[in-house]
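Asker: Encoded as structure tokens, here's the structure I'll be asking about.
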Amino acid sequence: MFRGIALALCAVAGFAAPAVAAGDVAAGKKVFNRCKACHEAEKDANKAGPSLHGVIGRHAGAVEGFKYSAAMAKAGEEGLIWTEEKFSEYMVKPKDMIPGNTMSFAGLRKPEDIANLLAYLESVAPEKAEGAAEEKEAAPAE
Ligand code: HEC
């Protein structure tokens with residue numbers, strides 16, 4: 001009985017949690033301007049950083065033709081997938097989540113910037129975003 005209540009509460013909290021779905025594509029596109037020195041959202045457009053087309057739902061270190069750091073390549077080999085959660089964690093402070101990765105970006109302080117960015121990145125590759133949402137549901141609750 002208590003277990004049932006706890007589960008029900010978890011489900012409610014799940015819905016209320018960081019409203020990724022509420023991200024604003026137009027606002028996210030603006031946030032992306034801060035990434036454009038090094039990233040494009042178009043497919044196969046690598047600059048100083050790898051193309052971020054379809055990055056949500058993709059393995060870390062998986063863009064062909066981009067030379068990743070050993071740290072990022074290892075994270076991908078060890079199974080890191082850029083789900084909405086992992087992407088959000090990385091964007092807060094890239095150097096903390098993957099020490100030794102070579103992205104020179106301090107991080108995004110505002111959770112809404114990250115949520116909007118997610119909405120924008122998913123909007124440019126909707127087929128990938130669907131897969132990411134499924135993986136998210138299948139992932140065990142932490
Ligand atoms: C100064 C350049 C620079 C800026 C600015 C920058 N990045 Fe990066 N980013 C990189 C580099 C370089 C890598 C590859 C890191 C490695 O191999 O260790 C990377 C990797 C990534 C990855 C992992 C990609 C993959 O294929 O595994 C994500 C996600 C990412 N960046 C998102 C962003 C976002 C979102 C922004 C803007 C808010 C941003 N980056 C700003 C240089 C940058």
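Asker: Can you pull out every residue in the stretch 103-124 that is crowded, with 20+ Cβ neighbours inside 10 Å and over 19 Å from Ala48 (Cβ atoms)?
Answerer: Ile114, Ala115, Asn116, Leu118, Ala119, Tyr120, Glu122, Val124
Asker: Any idea which of (1) without any contact (Cβ under 8 Å) to a residue 24 or more places away in the chain; (2) more than 7 Å from the ligand (Cβ to nearest atom) is the one Asn116 doesn't satisfy?
Answerer: Result: Asn116 passes all but (1).
Asker: Select from the stretch 64-104 the residues that are closer than 17 Å to Glu122 by Cα and not acidic (Asp, Glu) and list them in ascending order. Quick ask: steps written out before the conclusion?
Answerer: Within the stretch 64-104, the first condition is being closer than 17 Å to Glu122 by Cα, and the residues that meet it are 81-91.
Ile81, Trp82, Thr83, Lys86, Phe87, Ser88, Tyr90, Met91, listed by residue number.
Asker: Can you tell me which residues in the stretch 88-142 are modelled with pLDDT of 95 or more, within 14 Å of Ala41 (Cβ to Cβ) and in contact with a Leu (Cβ under 9 Å, 6 or more places away or on another chain)?
Answerer: Leu117, Leu121
Asker: Inside the stretch 84-117, can you point out the residues that are touching an Asp or Glu at 6+ places or on another chain (Cβ under 6 Å) and within 19 Å of Ala37 (Cα to Cα)?
Answerer: Of all residues in the stretch 84-117, those touching an Asp or Glu at 6+ places or on another chain (Cβ under 6 Å) come to 97, 116.
Listed by number, the list holds a single entry, Asn116.
Asker: Here is a list of conditions, (1) of a type outside the set (S, T, N, Q); (2) closer than 20 Å to Ala37 by Cβ; (3) part of a loop (DSSP other than H, G, I, E, B), and Tyr120 meets all of them except one; can you say which number that is?
Answerer: Result: Tyr120 fails condition (3) only.
Asker: Out of Lys36, Lys43, Lys93, Lys29, report the one residue that is surrounded by fewer than 18 Cβ atoms within 10 Å (Cβ to Cβ), within 11 Å of the ligand (Cβ to nearest atom) and of a type in the set (D, E, K, R).
Answerer: Values: Lys43 fails: within 11 Å of the ligand (Cβ to nearest atom); Lys93 fails: within 11 Å of the ligand (Cβ to nearest atom); Lys29 fails: within 11 Å of the ligand (Cβ to nearest atom).
The unique qualifying residue is Lys36.
Asker: Going by what's in this entry, would Glu85 be described as open to solvent by 70 Å² or more (accessible area, probe 1.4 Å), at pLDDT below 95 and on the phi < 0 side of the Ramachandran plot?
Answerer: Values: open to solvent by 70 Å² or more (accessible area, probe 1.4 Å): yes; at pLDDT below 95: no; on the phi < 0 side of the Ramachandran plot: yes.
It is false that Glu85 is open to solvent by 70 Å² or more (accessible area, probe 1.4 Å), at pLDDT below 95 and on the phi < 0 side of the Ramachandran plot.
Asker: Ok, one more. From the list Gly65, Gly49, Gly100, Gly79, pick out the single residue that is loosely packed, with under 15 Cβ neighbours inside 10 Å and either part of a helix (DSSP H, G or I) or in contact with a strand residue (DSSP E or B) (Cβ under 7 Å, 6 or more places away or on another chain) (or both).
Answerer: Numbers: Gly49 fails: loosely packed, with under 15 Cβ neighbours inside 10 Å; Gly100 fails: either part of a helix (DSSP H, G or I) or in contact with a strand residue (DSSP E or B) (Cβ under 7 Å, 6 or more places away or on another chain) (or both); Gly79 fails: either part of a helix (DSSP H, G or I) or in contact with a strand residue (DSSP E or B) (Cβ under 7 Å, 6 or more places away or on another chain) (or both).
Testing whether each residue is loosely packed, with under 15 Cβ neighbours inside 10 Å and either part of a helix (DSSP H, G or I) or in contact with a strand residue (DSSP E or B) (Cβ under 7 Å, 6 or more places away or on another chain) (or both) leaves just Gly65.
The values are calculated or read from the model by the stated rules, or taken from the named source; none is laboratory data. Small disclaimer: the values here were computed from a predicted structure and weren't measured. We place every Cβ from the backbone using ideal geometry, glycine too, and count neighbours over all the protein chains shown. Please note that ligands, DNA and RNA were not included when accessible areas were found on the heavy atoms of the full protein model with its side chains. Shrake-Rupley method; radii C 1.70, N 1.55, O 1.52, S 1.80 Å.
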